[in-house]
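Step one of this worksheet: look at the structure below.
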Amino acid sequence: MQRVQSLRFRIDLTIPLLHQLSFYKQRPLCLLLCSLSLIIAYSATPGSSYASDIESCERLLLSGQYEKCIATAEDAITQKAYGSEWPAFKAQAELAIGQYVEAKQTIDAGLKRYSWSLPLRLLAYQIYQLNNQHAEANVFLNSIHELANRSAWRYTDASSLVALGQASLLKNVDPSEVLESFYDRAIKEYPTHRDAYLASGNLALAKHDYALAQETFQTALKHIPDDVDLLFGLAMSTQRSNPERSQKLMAQVIGLNPNHIPSHLQQVSQSIHSEQYDDAKKQLDQILFTNIHLAEAWSYLAVIAHLENRPHAETAYYWQALSHHNQNSEVDYLIGKMLSEHYRFKEGATYQHQALEKNSNYLPARIQLAQDELRLGREVSGWEHALQAHQQDGYDTTTFNLLELKDQLAKFKTLEDDFFIIRMEAKEAEVYGQEVIKLLHEARDVLCQKYDFELKDKITVEIFPDPDDFAVRTFGMPAVSGYLGVCFGKVITANSPASQAENPTNWQSVLWHEFCHVVTLELTKNKMPRWISEGISVYEERQKNPGWGETMIPEYREMILKSETTPISELSSAFLNPKSGMHIQFAYYQSSMVVEYLIDQFGIEALKLILNDLRVGIPINVAIERRTKNLGELELEFATFLKEKTQIFAPAVDWSEQNLTALMSDDTQRFDEWIREHPQHFKGLMAYAQILEEENRLKELEDVLKKLIPLYPQYTGSDNACEKLAKLYRKQKRFDQEQNILEQYARHDPNALKVFHRLTELYRKSENWPAVYKAAQNAHAINPLYQETQQAFAEACIKLKRQQAAIYAYRAILALNPHNKAEAHYQLARLLKQNDFQLAKRHTLIALEEAPRFREAHQLLLELTTNRP
């Protein structure tokens, strides 16, 4: 994302500082040469090993050899070796192993000798904070700018520029100003200095500008290869765009520094995301062995305790995290953010409020709170926090995107009743808004009754025609693909049919799935693992319509038979780092089959009791064992249940492994012989059909396709036999046979938009109006924004005397800006004349305005005028 111009909020003392720095760059050449000669003179003094000794000590620090780094730096300090780096490295190493008191002693001694050093003063600020000496810490922070204002000429080296930039950020200076005035300048003038790249890249990461962060870290690594902190920054910047590369980079960091705390904390975060809490605890034990006082580690333990419903432990870990820095807003922010990522938005918001109580200017907490409040449906406070965050920092992409979205939402149309607040783009609301309301009410009636749940609050549903708007509303950033809809509890967001050009999905199935999440999340107070939440929603899709949701396909069959299923106790992990898109779809399928198995074997009441257990904080594995049987036995029985499903799946098909690649590259005659030997081999027949099509052997192609269909009639892949055979019949003008094949296929694929369009066309030609009505409805459930289908539907409604449905249809046609507006207004007027005289007359006049010689419209106007009630 491009850098966003922001409001220039700067503290006054930086204005003269920036001016002086700019002035110094223009000073006479002789002064610069004098400064340079001093540097050269120093580097030529007897301590010629100075630079190599410093670099050696830094390598110890960056490779995680903290004790050796401390000893080396202590030895140099004792021998009076010159260089502010010595106390800096020693103090950083002491911080890394939790020696906060010793780090304070080191930095105090260092500042006695190097009182002019801005990096040491910035480090002193951090160390004093970790010793709960906040007033003294702020003195050091303020002194950084005071020193620079007095002697700006002295602080133009890279380390000082970086320290000034970091101190300015702590003083709430505009980040874009910091980037330009300090970090960019340091990089330009000192292109091999790691700290400038690190500060710039980390700033971009903090502002969610991942593209800029990636560019910065990649450039830095060209100059400074194998730097663990730069590699870690690159790993974090590529985490969303290229997760495989990110994991490889993280492994490289651990290889270079086995004690690299940020990398280990990232692994902890991933373990918690996948609900592998025992693994996370083991990782945290290792981290705390290195640094027993690390606030982030205790914060993660508090998160795990909360998710495991251990409130006393959560409180103890929370206060331990604050024990060395009792004003540390990051503790509350981190705990709250992790809880929100587990859909505990209410608890997450509480922690963000606590973070802001400690520091009202702590921007990450403000931004996270804005998103939490919006996901909870607290829109007034959510947008207020987003605006405050943007005013505080215009560089942050999350708040910028959120406020851009707010402007878009203001243009949406709101449909509201006693149970729902539905926001849609105005045109789409006119076209299918009433169908959305109807479906949601049906879902509410069916699912709330089934799960014995009384839903008291209104549910907000927002449907976005722009996938980037959906992504910003849902994830806080654009360009997040792969999601059709998301439910936060009381808020549902979804992509509209307009955003699904190439691979349309039935929007009704999406909303049914998401509303099921509303019921289960509200029923459990959001205390449910992802796998069972998704599993129930997919299962309920199939209960509503057997063609909805995930069903068995050849790829799933193969994965089951190869024992690639995930244990029930670890099933949420299958959603975190899937090997492929197919694997995550299989996770949805397997989760739904676990739910189906539980209901089949133990009844719906057992599932409802499991959900009630989750509500009071009982862990999922314990809840399942309480309401069913031992989890080990359950795992074995479920595996048998799944394998039985593979046996009844297309049982006539030969699924044996065969080398089809060799056959397809060989002569056709050999393939002909192979097919005679393997007449039921599905993949072989599919490959054979492809060759016959390429060779234009149409009669043989028809025979093979007709054989394939009954073998596996549910197959809906893009190369399915039904659509190929229908296409062949259409070319041969055998329309009745085409229609029969398409009807057969339509029963199995609720997302077959082109099939429903073609069926509508065929039924319309034969004036089979009930069939037109049904086919058009099925098409509208996928994408109702096609004029031709709406027109056919309207005609069918008139023929079938469904007046109200016809009125809705013509209103939809008008919203779609039809070619013949006059005809649409005229037809709508005819439908309205009995029950709404004034509106009928209005549409008649509009028709005549569009087409002044429209004879039927003149006759209707005369009729309306003559027979006026």
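The values are calculated or read from the model by the stated rules, or taken from the named source; none is laboratory data. Everything numeric here is computed off the predicted structure, so don't read it as measured data. Counting neighbours? That spans all protein chains shown, and the Cβs are built from the backbone with ideal geometry, glycine included. Ligands, DNA and RNA are excluded from the accessible area calculation, which covers all protein heavy atoms including side chains. Shrake-Rupley method; radii C 1.70, N 1.55, O 1.52, S 1.80 Å.
The table that follows gives values for the structure above.
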read-out: Within the accessible area of the stretch 703-786 (1.4 Å probe), percent carbon and sulfur; value: 46
read-out: Range in the chain, longest, excluding exposed GluC sites (Glu not before Pro) [loop by DSSP; at most 16 other beta-carbon atoms within 10 Å]; value: 1-307
read-out: Net charge of Cβ neighbours under 13 Å - reference ASN326; Lys, Arg +1; Asp, Glu -1; value: -2
read-out: Accessible area of the chain divided out per residue, in Å², using a probe of 1.4 angstrom; value: 47
read-out: Accessible-area value, SER241, 1.4 Å probe, nucleic acids and ligands omitted, Å²; value: 90
read-out: Expected-Rg normalisation [2.2 N^0.38 Å, Cα atoms] applied to the stretch 75-153; value: 1.07
read-out: Projected label distance in nm at HIS748 and GLN105, using a 7 Å step from Cα toward the beta-carbon; value: 7.7
read-out: Helix axis angle, 604-615 relative to the chain longest principal axis, alpha carbon, degrees; value: 20
read-out: Ranked by how many other beta carbons lie within 10 Å on average, peptides 226-236, 105-115 from highest; value: 226-236, 105-115
read-out: Rounded to the nearest 10 Å², the accessible area of ARG423 at probe 1.4 Å; value: 40
read-out: Net +/- balance of residues flanking TYR100 in space, Cβ distance below 15 Å, scoring K and R +1, D and E -1; value: -3
read-out: Nearest 10 degrees, 0 to 90: helix 261-273 Cα axis against the chain principal axis; value: 30
read-out: Coarse-grained scattering of the stretch 481-573 at q = 0.11, 0.14, 0.22 Å⁻¹, given as base-10 log I(q)/I(0) from a Debye sum over alpha-carbon atoms; value: -0.37, -0.61, -1.22
read-out: Additional length obtainable on full extension of the chain from ARG245 to LYS346, 0.36 nm per residue less Cα span; value: 32.9 nm
read-out: About the Cα centre, charge dipole magnitude for the stretch 318-435 (Lys/Arg +1, Asp/Glu -1 at Cβ), debye; value: 300
read-out: Relative contact order (%) - the chain, alpha-carbon pairs under 8 angstrom, separation at least six; value: 7
read-out: Estimated FRET transfer efficiency when R0 is 45 angstrom, pair LYS562-GLN737 (beta carbons, to 0.05); value: 0.70
read-out: Share of Cα-Cα pairs in the chain lying beyond 57 Å, as whole percent; value: 25
read-out: The stretch 582-628 - percent relative contact order, Cα under 8 Å, separation 6 or more; value: 29
read-out: Within the chain, percent of DSSP bridges classed antiparallel, to nearest 5; value: 40
read-out: With Cα atoms, 0 to 90° folded angle of helix 735-746 axis to the chain main axis; value: 40
read-out: Rounded to the nearest 20 debye, dipole of the stretch 759-869 from Cβ charges on Lys, Arg, Asp, Glu; value: 260
read-out: Sum of side-chain charges, SER481 neighbourhood, beta-carbon under 15 Å (Lys, Arg +1; Asp, Glu -1); value: -2
read-out: GLN669-PHE289 pseudo-label distance in nm [points 7 Å out on the Cα-to-Cβ vector]; value: 7.0
read-out: Where ARG444, ARG830 fall by accessible area, highest first, once all protein chains stay in place (1.4 Å); value: ARG830, ARG444
read-out: Listed residues LEU725, ILE813, ALA137: farthest to the positive end of the dipole of the chain (Cβ charges); value: ILE813
read-out: Whole-angstrom Cα spans of the stretch 779-841 along principal axes, big to small; value: 34, 24, 14
read-out: Residues LYS579 and ARG676, FRET efficiency given R0 of 30 Å [Cβ-Cβ distance, rounded to 0.05]; value: 0.20
read-out: Extension gain from ASN659 to GLU695, taking 0.36 nm per residue of separation minus the Cα-Cα distance; value: 10.8 nm
read-out: Alpha-carbon radius of gyration plus Dmax, which is the widest Cα pair, for the stretch 388-498 in Å; value: 15.4, 48
read-out: With all protein chains modelled, accessible area of LYS643 [1.4 Å, Å²]; value: 80
read-out: Fraction of accessible area attributable to carbon and sulfur, the stretch 433-527 (%, probe 1.4 Å); value: 45
read-out: Relative contact order (%) - the stretch 120-200, alpha-carbon pairs under 8 angstrom, separation at least six; value: 24
read-out: Computed FRET value (nearest 0.05) for GLN133 with SER381, which takes r as the C-beta separation and R₀ as 41 Å; value: 0.70
